[in-house]
Amino acid sequence: MQRQRINHIKITFTGFTLLLSLIAGAGISGCSDSGKPGEVKSPAAVKPQQQVITQGTATVMEQKPQAVYSYKSAGNRDPFTPLIVKEDRKALMGERPPLERYNISDFKLSGIVWGGFGYNAMLEGPDGKGYFVHVGTIIGQNKGIVKKISQHTMVIEEKFKTISGETDRKEIVIELRKKQEGMQ
């Protein structure tokens with residue numbers, strides 16, 4: 001009985017070592033230097049093939065290499081530029097924001113709002129739209145800057161060049177309308 005048990009252990013051990021050697025052999029044969037992950041093999045350059053045709057005299061016939069495809073971007077849109085351009089980028093490209101398209105005299109001061117952030121003024125543009133401005137906002141074709149907003153007025157400072165070439169400043173005061181037409 002003892003002997004059968006020892007034979008059974010030997011057979012099991014032999015089978016186990018045989019199985020390990022098969023796995024190790026398959027692992028070793030599956031790995032090769034040609035498949036290293038860091039290496040990239042480039043395709044072989046296209047070389048003209050030569051064929052020798054013999055019918056009494058040897059003549060060489062060359063085949064032309066196939067044309068390689070190349071992309072020409074001339075006249076096509078850049079696929080990486082955004083389709084929607086924000087107002088700030090349009091201003092950099094030459095198109096002015098709405099507050100800089102019109103003269104300061106074309107705007108009407110509709111209201112003044114004050115709160116935790118200070119005074120803000122609401123202007124009605126010649127296009128019929130309303131614009132909220134605060135101190136530091138650029139307005140008008142001459143790039144005037146809103147300097148002060150109080151309860152009843154808004155002060156805009158414009159810089160301009162005189163005939164002699166000096167830079168001068170002009171303050172424009174816009175008052176809030178007290179009575180509107182038809183209202184008492």
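Largest first, the three principal axis extents of the alpha carbons in segment 98-175 are 43, 27, 18 Å in whole numbers.
Going by average Cβ neighbours within 10 Å, how do the peptides 155-165, 141-151 rank, with the highest at the top?
Working: 155-165: 11.5, 141-151: 15.5.
Top of the packing list down: 141-151, 155-165.
Relative contact order of segment 98-175: what whole-number percent is it, with Cα pairs under 8 angstrom and at least 6 residues apart? Numbers along the way, then the final one.
On the way: 156 pairs, mean separation 17.5, N = 78.
So the answer I get is 22 percent.
Taking the Cα centre of segment 98-175 as reference, the dipole from Cβ charges on Lys and Arg (+1) and Asp and Glu (-1) amounts to some 140 debye. Whole-Hz Karplus values for segment 165-172 come out as x, 7, 8, 10, 10, 10, 9, 10 Hz, taken residue by residue from phi with 6.51 cos²θ - 1.76 cosθ + 1.60 and θ = phi - 60°; glycine and proline positions read x.
The number of Lys pairs in segment 98-175 with C-alpha atoms less than 14 Å apart, excluding pairs fewer than 8 positions apart on the same chain, is 9.
At 0.36 nm per residue, minus the direct Cα-Cα distance, what do residue 127 and residue 11 gain on full extension? Give it in nm, one decimal, please. Could the numbers behind the result be given before it?
Numbers: separation 116, 0.36 × 116 = 41.76 nm, distance 9.74 nm.
Extending this stretch completely gives an extra 32.0 nm.
Only the coordinates and a few stated rules stand behind these numbers; no lab work does. All values derive from a computational prediction rather than experimental measurement. Virtual Cβ from ideal backbone geometry, glycine too; neighbours counted across all protein chains shown.
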